[in-house]
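What follows is a short report on a single structure.
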Ligand SMILES: [Zn+2]
């Protein structure tokens, strides 16, 4: 995707995100309200109070093909277990109890916050296009932290760690 293409599509995607979040606002709740046992040892109370979650039958994805971005067709159809936009993430009902998935999506919430929407979307789209979903840098970061969360009981400050990793992209 060229920078010109990105600049053309970015306002539409941002608008789609705003409308999607507004439409689901009534069914979101703060992550803190779910009372997961381990998340508070890894994330600040502030983040857990601010980040919101909505449980859905299908995670919404922006209509990228309709915007002329056919290279993301696979991503649109991949039926993800979770998907994060700004400070809100969507999770499939059947995965609602999986704490490590919430942990993963919270990494994305931090990424959105640190990078800002334009840089997040540009980086995410670039990674998706060049490396594919699983190997895109922002996903690798989220999966690596998720793996650390699952493998060790040792708490650490995820927000600070992610922030530091993202400095390479700022
Ligand atoms: Zn992810």
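Any read-out appearing in this document is the output of simple, stated calculations on the displayed coordinates, not a laboratory observation. Remember, it's a predicted structure, so these values are computed and weren't measured experimentally. Please note: Cβ atoms are built from the backbone with ideal geometry, for glycine as well, and neighbour counts cover all protein chains shown.
Taking every DSSP helix (H) stretch of at least 4 residues in the chain, weighting each as -39,500 (n - 2.57) and dividing the sum by the residue count yields a mean residue ellipticity at 222 nm of -17500 deg cm²/dmol.
Would you mind putting 87-93, 74-80 in packing order, based on average other-beta-carbon counts within 10 Å, highest first?
Answer by packing, highest mean first, reads 87-93, 74-80.
For the pair residue 71 and residue 35, a Förster radius of 45 Å applied to the C-beta separation gives a FRET efficiency near 0.65, rounded to the nearest 0.05. Enclosing the Cα atoms of the chain in their convex hull gives a volume equal to 110 cubic angstrom per residue. Its Kirkwood hydrodynamic radius, worked out from the mean inverse distance over all distinct Cα pairs, puts region 105-158 at 11.8 Å. Hydrodynamic radius of region 32-71 by the Kirkwood approach over all distinct alpha-carbon pairs: 13.0 Å.
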